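Written below as structure tokens is the structure these notes are about.
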Amino acid sequence: MPTIDDITPGPVWTTLAALVLLAAWWHSLRRVLPKMTPKRRNWMMCWTYAGFLFVLELSRPLAADEPSGRRFLLKLLILFAWALLIAIVYNIIYKNKPKMRKKIVAGNWKMNTLPAEGAELAKGVVAGRGTVCSCVDFIVCPPFTHLSTVAEALKGSDIALGAQNCAAEEKGAYTGEVSAAMIAALGCKYVILGHSERRQYYGETSATLNKKMTQAYANGLMPIYCVGENLDEREAGKHFDVVKAQIEEVVYNLTAEQFKNLVIAYEPVWAIGTGKTATAEQAQEIHAHIRKVLAAKFGVAAEECAILYGGSCKPSNAAEIFAKEDVDGGLIGGAALKADDFLAIGKGFGK
Ligand code: PGA
């Protein structure tokens, strides 16, 4: 009968092996967790813990006559091996599954609030953030002039900062413009591009937006690219083609790597600031269409791209819209100007 000394390496090797197993476990876990719902994550943890108890129980007689330090190391090794085994099994099961999409609620403040008011609003959002599931990512996009103040107010929270626009050029003699590098330097992680108000009032075309996208990515910003049809286009039944073209002309020019860092916002122009909202069914129908258009170019990565709905989204209708399969959150205008309403929209995620 071999003794424990015969079958186990010395303490140094055991420690090293335990560390390697721990690192491998962590690596496997990081690959699989983003693909799992919270419920499935809990199940995985349950299997891991249940195995711990079982393995500890089994290993009790095996190492009973060992010095306690050695016993501890040996058990640690077995526990890490078990955890790694579970993580590997889950990795195999989830191999071809896309990552869970982010749930995002982004506030587009437009040309509203003065800097001090903006700071108050941001503080209100920070103060109430804990009342909403941490699974929801909040973003606030104040006017350029408030970015610093709002960045300060958001410090220490997980609420991200975004800008509402950036220049198409890198730098130079472009009076009145604000570059992507400038907003990134102020702490922005996101930038809204192609909002219908910019397309309509400031003549932004796909050509301009391609340049803005390039600037955004060059400065590490994640674009929230807006698409959407106007009322005439909707009534003429052209909405599918309109958003398809808006995507093909801009998003199709991105690399696969850039596409991973893109958020799309579908905003029917007829629903923006009008109080009219697309029905949840209308939103789902076009979001699914957008995802199909994205998949035609980017394949399975389209499953991981967050597509937000925007247009008179408020606490009373958010839950119904967000419950739809292809709606991953909202780009909120008017209702983002009250911290309570903005947060209440985040509570609309029931899925
Ligand atoms: P709204 O604006 O919520 O006020 O309709 C949305 C937007 O334009 O982003």
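The values are calculated or read from the model by the stated rules, or taken from the named source; none is laboratory data. This structure is a prediction, so every number in the text was calculated from the model and none was measured. For neighbour counting, all protein chains shown are included, and Cβ atoms are generated from backbone atoms with ideal geometry for every residue, glycine included.
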Out of Tyr217, Tyr174, sole residue that is in contact with a helix residue (DSSP H, G or I) (Cβ under 9 Å, 6 or more places away or on another chain), surrounded by fewer than 20 Cβ atoms within 10 Å (Cβ to Cβ) and of a type in the set (Ser, Thr, Tyr):
Tyr217
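Please work out if His146 is closer than 21 Å to Gly334 by Cβ, at pLDDT 95 or above, over 23 Å from the mean Cα position of the chain (by Cα) and buried (at least 17 other Cβ atoms within 10 Å of the Cβ).
In short, yes.
Given the criterion over 21 Å from Lys103 (Cα atoms) and within 16 Å of the ligand (Cβ to nearest atom), identify the matching residue among Gly275, Gly237.
That would be Gly275, the only listed residue that is over 21 Å from Lys103 (Cα atoms) and within 16 Å of the ligand (Cβ to nearest atom).
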Across region 249-292, which residue is nearest to the chain's Cα centre (by Cα) among those that are part of a helix (DSSP H, G or I), surrounded by 14 or more Cβ atoms within 10 Å (Cβ to Cβ) and of a type in the set (Asp, Glu)?
Glu285
Considering region 288-330 alone, what residues qualify as being at positive phi and touching a helix residue (DSSP H, G or I) at 6+ places or on another chain (Cβ under 7 Å)?
Gly311, Ser312, Gly329
In a helix (DSSP H, G or I) and either buried (at least 21 other Cβ atoms within 10 Å of the Cβ) or more than 16 Å from the ligand (Cβ to nearest atom) (or both): which single residue out of Leu308, Leu343 fits that description?
Leu343
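Rundown of residues vs (1) touching a Cys at 6+ places or on another chain (Cβ under 9 Å); (2) away from the ligand (no atom under 16 Å from the Cβ); (3) not small (Gly, Ala, Ser), yes/no style:
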| site | (1), (2), (3) |
| --- | --- |
| Phe259 | yes, yes, yes |
| Glu281 | no, yes, yes |
| Ala301 | no, yes, no |
| Glu320 | no, no, yes |
Here is a check on your reading of the model: is Ala335 buried (at least 24 other Cβ atoms within 10 Å of the Cβ), within 12 Å of the ligand (Cβ to nearest atom), in a helix (DSSP H, G or I) and in the same structural domain as Ala153 (by TED's automatic domain parsing)?
no
Among the numbered conditions (1) more than 10 Å from the ligand (Cβ to nearest atom); (2) over 28 Å from Asp232 (Cα atoms); (3) touching a residue at least 12 places away in the same chain (Cβ under 8 Å), tell me where Val327 comes up short.
(2)
Which numbered condition trips up Leu114, out of (1) out of contact with any helix residue (DSSP H, G or I) (no Cβ under 9 Å at 6 or more places or on another chain); (2) surrounded by fewer than 16 Cβ atoms within 10 Å (Cβ to Cβ)?
(1)
Out of (1) at pLDDT 95 or above; (2) more than 14 Å from the ligand (Cβ to nearest atom), what's the single condition that is false for Gly194?
(2)
Pair list, Cβ under 7 Å, 6 or more apart: region 184-213 residue farther than 21 Å from Asn261 by Cβ and in the same structural domain as His239 (by TED's automatic domain parsing), other residue polar (S, T, N, Q) and at pLDDT 95 or above:
none
